[in-house]
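In what follows, a single structure is set out as structure tokens and then discussed.
The numbers here are math on the coordinates, done by the rules we state, and not lab data. From a predicted model like this one, the values you see are computed outputs, not experimental measurements. Note: ideal-geometry Cβ built from the backbone for every residue, glycine included; neighbour counts use all protein chains shown.
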Ligand SMILES: Cc1cc2nc3c(=O)[nH]c(=O)nc-3n(C[C@H](O)[C@H](O)[C@H](O)COP(=O)(O)OP(=O)(O)OC[C@H]3O[C@@H](n4cnc5c(N)ncnc54)[C@H](O)[C@@H]3O)c2cc1C
């Protein structure tokens, strides 16, 4: 099979890697070099977790992705998924975390209720019902992982083409005038998808901020897990690779054009600092080391998008990562390949077309809080 993949983020580069290692002929096109900071996959780190509330499909997909990230690590010879664990701060007994706990248990994925004060260098959790630790969760070195995916795809014979592309019937027209065709063309263009396929893709593109703080050596200890407060819409990591302690408010930021320059001045610092002061008191005055911004490309229900174009079954679309897509890249690729081959259909929640807002798969910062 001859496949053109446009977009070398986690979805497109994973697809190129899986297809090329299976012996298919692959051309991977991107306007930037893989891992470019203007793309959603181009951040240094992204959380890896299997918890998805009661969404068993995403839970299983994340687990599978974990195994595939390990395969990539073996091929690339570098550690890309750092399993430091991830602590979920549950504000109630019957919320996202309790549902996750049940789903994880049903799939045999380790998780336990813990005393968080023993995990973090400083911690205050009087407002919490419990803390759920997912010990096999952790942090993906995202930018390096995307570069490794593209490099391994190339090592397996894929051709990497640097160009801006647009659809041209069932083919791909590059900005230098060349036309690329294949048995299948897959568009994995992140925040740019809605502009390329306005009739079938609807995404909100928002500007999101990440703060990196100097927490001192205690926060660089590999035993300190990442954390997520679903209802509080805040998450972060310990200090990995001397980047600093990462913390982010997960409410959706202002709309931004996919081609607009990303702003650098912090706008969420006060909110993030207020959260940190309450949850991790020792971080209250930690110096701000850096602010990074990035785009979310959000579907109305935060489910991913994947499927054939309604007007041409040789053209496929994948994206809508909605702020939680990175970790799933290689597993989504595997599922897409099975769907393209006509072996296993994709679930209805990935279908292109109309979506209704629903409970967020990321944190309560998106969608409608707690709507079933
Ligand atoms: C701040 C932030 C924090 C996040 N945290 C997490 C997290 O903790 N865990 C997690 O799993 N996920 C997280 N995500 C979400 C995750 O990063 C995204 O869902 C995922 O990276 C999307 O991947 P993608 O391949 O769809 O898009 P992208 O990575 O944006 O890749 C799309 C690619 O297509 C290329 N492209 C677009 N248009 C064209 C064109 N016309 N011609 C040629 N090339 C084109 C782009 O250059 C780009 O390389 C986060 C995202 C952000 C922004």
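Residues in region 12-66 that are touching a helix residue (DSSP H, G or I) at 6+ places or on another chain (Cβ under 8 Å), in a strand (DSSP E or B) and within 9 Å of the ligand (Cβ to nearest atom): 30, 45, 46, 47, 48. Candidates in region 196-221 are the residues that are surrounded by 16 or more Cβ atoms within 10 Å (Cβ to Cβ) and out of contact with any strand residue (DSSP E or B) (no Cβ under 8 Å at 6 or more places or on another chain); of these, the one that is nearest to residue 357 (Cα to Cα) is 202.
Do you know which residues across region 192-206 are more than 9 Å from the ligand (Cβ to nearest atom) and either out of contact with any helix residue (DSSP H, G or I) (no Cβ under 8 Å at 6 or more places or on another chain) or assigned to a loop (DSSP other than H, G, I, E, B) (or both)? Residues satisfying the conditions are 194, 197, 198, 199, 200, 201, 202, 203, 204.
The residue list 121, 110 contains one member that is assigned to a loop (DSSP other than H, G, I, E, B) and surrounded by 15 or more Cβ atoms within 10 Å (Cβ to Cβ), which is 121.
Looking at the structure I just gave you, is residue 228 under 20 Å from residue 121 (Cβ atoms), within 11 Å of the ligand (Cβ to nearest atom), under 18 Å from the mean Cα position of the chain (by Cα) and surrounded by 21 or more Cβ atoms within 10 Å (Cβ to Cβ)? The answer is yes for residue 228. Whenever a residue of region 205-230 is free of Cβ contacts under 8 Å to residues at least 60 places away in the same chain and within 29 Å of residue 258 (Cα to Cα), it has no partner that is within 11 Å of the ligand (Cβ to nearest atom) and assigned to a strand (DSSP E or B) lying with C-beta atoms less than 6 angstrom away and at least six residues away or across chains. What are the residues in region 309-338 that are away from the ligand (no atom under 16 Å from the Cβ) and either buried (at least 19 other Cβ atoms within 10 Å of the Cβ) or closer than 23 Å to residue 152 by Cα (or both), if any? If the condition is that a residue be away from the ligand (no atom under 16 Å from the Cβ) and either buried (at least 19 other Cβ atoms within 10 Å of the Cβ) or closer than 23 Å to residue 152 by Cα (or both), then 338 is the only one that fits. Surrounded by fewer than 17 Cβ atoms within 10 Å (Cβ to Cβ) and within 10 Å of the ligand (Cβ to nearest atom) - does that describe any residue in region 135-156? No.
Among the residues of region 250-264, is any under 26 Å from residue 95 (Cβ atoms) and away from the ligand (no atom under 14 Å from the Cβ)? Checking region 250-264: not a single residue is under 26 Å from residue 95 (Cβ atoms) and away from the ligand (no atom under 14 Å from the Cβ).
Of the strands (runs of 3 or more DSSP E) lying entirely inside region 285-372, the ones with 2 or more residues being over 25 Å from residue 168 (Cα atoms) are found at 288-298. For region 170-195, how many residues are surrounded by 18 or more Cβ atoms within 10 Å (Cβ to Cβ) and either within 25 Å of residue 41 (Cα to Cα) or free of Cβ contacts under 8 Å to residues at least 60 places away in the same chain (or both)? Total meeting the criteria: 14. Note on region 307-325: residues that are over 13 Å from residue 58 (Cβ atoms) and touching a helix residue (DSSP H, G or I) at 6+ places or on another chain (Cβ under 7 Å) total 5. Considering region 72-97 alone, what residues qualify as being in contact (Cβ under 8 Å) with a residue 12 or more places away in the chain and farther than 26 Å from residue 245 by Cβ? Result: 72, 75, 76, 92, 93.
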